[in-house]
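Colleague: This is the structure I have questions about; it appears just below.
The values are calculated or read from the model by the stated rules, or taken from the named source; none is laboratory data. In this text, all values refer to a predicted model and were calculated from it rather than measured experimentally. Reconstructed Cβ throughout: ideal geometry from the backbone, glycine too, with neighbour counts over all protein chains shown.
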Amino acid sequence: MWVERTPAEKRLYIRKLRLRRIVVSSLAFFGTAILVCFIYGGFSAAAKGSYFVPASDILQRIPIAITCGFFSGILCFLLFERKSVLICSKCESSKMDDGQTSCACGGIFQRIEDIKLISHEKMLR
Ligand SMILES: [Zn+2]
């Protein structure tokens, strides 16, 4: 059964989503930066005869690695923008937020950050 979250639970849920978005974006930044810093791309690898950047060239690749990582992180941050999921309080069907709050069953769609799922065993306690 879906019940309303308390304001504290709502803040905690939103904070958790923000943290997840930041962690994913940071991983994209570091992953891209490390790949660009230590691995050659297709044409460069073919020209150099190896996929791995020699130690002497790593230092000069750091600025471009940070730049690529930055754009990768920003792109990831923007793509992970939270689209709200709506849940019908009556029939429990779900959909992405499209501005329509009434369900065909007669129930009302609510944002998932406003409600939480509680098991029937928890309700009986
Ligand atoms: Zn419904």
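Colleague: Going residue by residue through region 86-107, is there one that turns out to be within 18 Å of Arg20 (Cα to Cα) and either loosely packed, with under 15 Cβ neighbours inside 10 Å or within 16 Å of the chain's Cα centre (by Cα) (or both)?
Modeller: Step one: filter region 86-107 for residues within 18 Å of Arg20 (Cα to Cα), giving none.
Looking through region 86-107, none of the residues is within 18 Å of Arg20 (Cα to Cα) and either loosely packed, with under 15 Cβ neighbours inside 10 Å or within 16 Å of the chain's Cα centre (by Cα) (or both).
Colleague: Looking at the structure I just gave you, is Val36 surrounded by 14 or more Cβ atoms within 10 Å (Cβ to Cβ) and not assigned by TED's automatic domain parsing to the domain that holds Leu117?
Modeller: Values: surrounded by 14 or more Cβ atoms within 10 Å (Cβ to Cβ): yes; not assigned by TED's automatic domain parsing to the domain that holds Leu117: yes.
Yes; evaluated as a whole, the condition is true for this residue.
Colleague: Could we say that Ser56 is in a helix (DSSP H, G or I), free of Cβ contacts under 8 Å to residues at least 60 places away in the same chain and of a type in the set (Gly, Ala, Ser) here? Even if it seems obvious, please write down each step before you answer.
Modeller: On the way: in a helix (DSSP H, G or I): yes; free of Cβ contacts under 8 Å to residues at least 60 places away in the same chain: yes; of a type in the set (Gly, Ala, Ser): yes.
Answer is yes for this residue.
Colleague: For a quick check of your reading of the model, give me the residue pairs whose first member lies in region 88-100 and is among the hydroxyl-bearing types (Ser, Thr, Tyr), whose second is within 12 Å of the ligand (Cβ to nearest atom), with beta-carbon atoms closer than 7 Å and at least 6 apart or on different chains.
Modeller: Within 7 Å, the pairs are Ser89/Trp2; Ser89/Gly107; Ser89/Ile108; Ser89/Gln110; Ser93/Cys103; Ser94/Leu86; Ser94/Ile87.
Colleague: Another one. Based on what the data block shows, is Leu35 under 26 Å from Val24 (Cβ atoms) and either within 16 Å of the ligand (Cβ to nearest atom) or in a strand (DSSP E or B) (or both)?
Modeller: Values: under 26 Å from Val24 (Cβ atoms): yes; either within 16 Å of the ligand (Cβ to nearest atom) or in a strand (DSSP E or B) (or both): no.
Judged against the criteria, Leu35 is not a match.
Colleague: Which residues, taken from region 68-125, are of a type in the set (A, V, I, L, M, F, W, C), away from the ligand (no atom under 16 Å from the Cβ) and over 30 Å from Thr32 (Cβ atoms)? Steps first, answer last, please.
Modeller: Kept after step one, since they are of a type in the set (A, V, I, L, M, F, W, C), are these residues of region 68-125: 68, 70-71, 74-80, 85-88, 91, 96, 103-105, 108-109, 112, 115, 117-118, 123-124.
Filter again for away from the ligand (no atom under 16 Å from the Cβ), leaving 68, 70-71, 74-80, 118, 123-124.
Those that are of a type in the set (A, V, I, L, M, F, W, C), away from the ligand (no atom under 16 Å from the Cβ) and over 30 Å from Thr32 (Cβ atoms): Ile118, Met123, Leu124.
Colleague: Restricting to region 46-55, name every residue that is of a type in the set (A, V, I, L, M, F, W, C), surrounded by 11 or more Cβ atoms within 10 Å (Cβ to Cβ) and farther than 18 Å from Cys68 by Cα.
Modeller: Across region 46-55, the qualifying residue is only Ala46.
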